[in-house]
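One structure below.
The values are calculated or read from the model by the stated rules, or taken from the named source; none is laboratory data. What you see is a predicted model; the values in this text were computed from it and never measured. Here the Cβ positions follow ideal geometry from the backbone for every residue, glycine too, while neighbour counts run over all protein chains shown.
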Amino acid sequence: MSTFFEPRQLVTPGDLLAEGEYIAGENTYVEDKKIYGSRVGLVEYENKKVSVVALKSFYIPKPGDIVIGTISEVGFKGWTVNIHSPYPAILRAGDVLNRSFKPQKDDLAQVLDMGDLIVAKIGSYDRTHDPQLTVDEPGLGKITRGQILTITPTKIPRVIGRKGSMISMIKQETGCNIILGLNGVILITGKTYEDEELAAMAIHKIDEESHTSGLTDRVTQMLKEEKTKREGSKK
Amino acid sequence: MNEKPEKLIDKKGLRLDGRKSNDLRPVKIEVGILPNADGSAYIEQGKNKILVAVYGPREVHPKHLALQDKTLLRCRYHMAPFSVQERKSPAPSRREVELSKVIRESLEPSIFMEYYPRTVIDVFIEVLQADGGTRCASITAASLALADAGVPMRDLVVACAAGKVGDIVVLDLMDEEDKLGLADVPVALMPNLNAITLLQMDGALNLEEFENAVNLAIEGCKKIYEMQKEVLKAKYVNVKEAED
């Protein structure tokens, strides 16, 4: 029973992480009772669980996830949505129109056209079927204003912070509403363009320095400094 | 064209470029140099210059090629027309089609293919300058590009060749040694799992020589493997420095 790396150390695929009574977590695999890493990332030992926080990854859909996507195709019965995943998502017409849909009467392109952005929830997904989206909930649907940011999906938990500390701090400091798509796409809507820029700046900083400690404090400080600087230049 | 050298190994046992029998050529590797690709790598091994781009996992087009139980891995090994002395036709030659297959099969065991059914991972290998042993350098770089793309893998794959030149077994053949030598044995390896994913032989060796060649190639692989890991980590070093 032993581990071979310091916690939060950078590992590459194939590195032997632990041997013996450990549980293999994310981005690891077991062979001959030994746990190896399968992605480039930072290793974490939590109780008996060994996992790797990947530094680069792609989004794999999970039912219940909120995602942000772009309409990539308007079909007869619904839309195909690009959700930055290996799999394209499907959004059915009946789901959006909230009533039975008649192909003769309804023009789907008038409801959602190519290139439109939507906030949606993954309704169902498994290995054999492409993910199906739903917008049948408050807060979901077409995006009409704001800014879009894209980061690596594995870094979304860092933007949220411990019990949402990071995201609520950014919301409070900038006065923006922020929706985090678990596929790595982020929507920022604020009162002014400057507010949105400020929030985007904070998220970029988190993306770049995601594995460093004490990040919340530094982002808070950066936001406050930036705010006073901007107020100063206005006068 | 260059004249044919008289001897591939001189009296002191040194090779044409001054290497000893168990020396590698100088290797330089870079990772993540193509922003448009999901993952990429560039390798220089001696006079070889090879660029690799990885796209995916992504939707399969045309759709009928998709596999229902695992990822499809597509590999394209291609030599640029200017990569060799005599212009090479840009159309895929018999040799390139075969090498694409061989490289694909040496990478496949390292990837968790069953994780993402109905998708494809495309690997594009572009040889900009060739100097013998391009298949090995291609495998080394392609594996790094896959890791850079975030594809889950059992281990990095690293490849290196050994062969017989004159009377002795030597490591990492260059172009002249490959053409005028007696045998060439390319080996691809997953070092942590100690598993060979590619083993070929071109030429004639007796059993003892063959064993020597394979062991020498594995030694060479392990040296390159250390470089591979270092380069992959170096991409994130600036991030680590911010922490200190």
Have a look at B:60, B:97, B:102 and point out the one that is surrounded by fewer than 17 Cβ atoms within 10 Å (Cβ to Cβ) and out of contact with any Gly (no Cβ under 9 Å at 6 or more places or on another chain).
B:97
Whether any residue in the range A:153-162 is modelled with pLDDT under 90, over 27 Å from residue B:149 (Cβ atoms) and surrounded by fewer than 16 Cβ atoms within 10 Å (Cβ to Cβ) is what I want to check.
yes
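Only one residue in A:13, A:7, A:103 is over 22 Å from the mean Cα position of the chain (by Cα), at pLDDT 95 or above and not basic (Lys, Arg). Which one?
Within the list A:13, A:7, A:103, the selection yields A:13.
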Any residue at all in the range A:154-168 that is assigned to a loop (DSSP other than H, G, I, E, B) and away from chain B (no Cβ under 14 Å)?
yes
Of the residues A:33, A:48, A:77, only one is touching a Pro at 6+ places or on another chain (Cβ under 9 Å) and more than 9 Å from chain B (Cβ to nearest Cβ); which?
A:77
Name the residue that is farthest from residue A:224 (Cα to Cα), counting only residues in the range A:169-202 that are touching a strand residue (DSSP E or B) at 6+ places or on another chain (Cβ under 9 Å) and part of a loop (DSSP other than H, G, I, E, B).
A:183
Tally up the residues in the range B:133-156 that are of a type in the set (Lys, Arg) and either in contact (Cβ under 8 Å) with a residue 60 or more places away in the chain or away from every other protein chain (no Cβ under 12 Å) (or both), please.
1
Residue A:42 meets each of (1) more than 27 Å from residue A:26 (Cα to Cα); (2) within 12 Å of chain B (Cβ to nearest Cβ) with one exception, condition (1)
Residue pairs meeting the criteria (Cβ under 6 Å; at least 6 apart or on separate chains; first more than 14 Å from every other protein chain (Cβ to nearest Cβ), in the range B:46-67; second assigned to a loop (DSSP other than H, G, I, E, B))
B:46/B:25; B:46/B:131; B:46/B:174; B:47/B:131; B:48/B:131; B:53/B:34; B:53/B:37
Index of the failed condition, residue B:117 passing every other in (1) free of Cβ contacts under 8 Å to residues at least 60 places away in the same chain; (2) within 14 Å of chain A (Cβ to nearest Cβ); (3) closer than 21 Å to residue B:222 by Cα
(3)
Only listed residue being closer than 30 Å to residue A:9 by Cα, among the β-branched types (Val, Ile, Thr) and more than 18 Å from the chain's Cα centre (by Cα), chosen from B:231, B:237:
B:237
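Quick grid of which residues meet (1) free of Cβ contacts under 8 Å to residues at least 24 places away in the same chain; (2) within 18 Å of residue B:48 (Cα to Cα); (3) more than 18 Å from the chain's Cα centre (by Cα):
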| residue | (1), (2), (3) |
| --- | --- |
| B:100 | no, yes, no |
| B:105 | no, no, no |
| B:108 | no, no, no |
| B:113 | no, no, yes |
| B:121 | no, no, no |
Might you let me know whether the range A:67-79 holds any residue that is surrounded by 16 or more Cβ atoms within 10 Å (Cβ to Cβ) and of a type in the set (Asp, Glu)?
no
Residues in the range A:218-234 that are within 14 Å of another protein chain (Cβ to nearest Cβ) and closer than 26 Å to residue A:7 by Cβ total 2
Within the range B:165-211, considering residues that are in a strand (DSSP E or B) and of a type in the set (D, E, K, R), the one farthest from residue B:141 (Cα to Cα):
B:202
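Any chance the range B:185-198 includes a residue that's more than 15 Å from residue B:221 (Cα to Cα) and either in contact with a Pro (Cβ under 6 Å, 6 or more places away or on another chain) or crowded, with 22+ Cβ neighbours inside 10 Å (or both)?
No; the residues of the range B:185-198 include none that is more than 15 Å from residue B:221 (Cα to Cα) and either in contact with a Pro (Cβ under 6 Å, 6 or more places away or on another chain) or crowded, with 22+ Cβ neighbours inside 10 Å (or both).
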When residues of the range A:28-50 are limited to those that are polar (S, T, N, Q) and over 17 Å from residue B:143 (Cα atoms), the one surrounded by the fewest Cβ atoms within 10 Å (Cβ to Cβ):
A:47
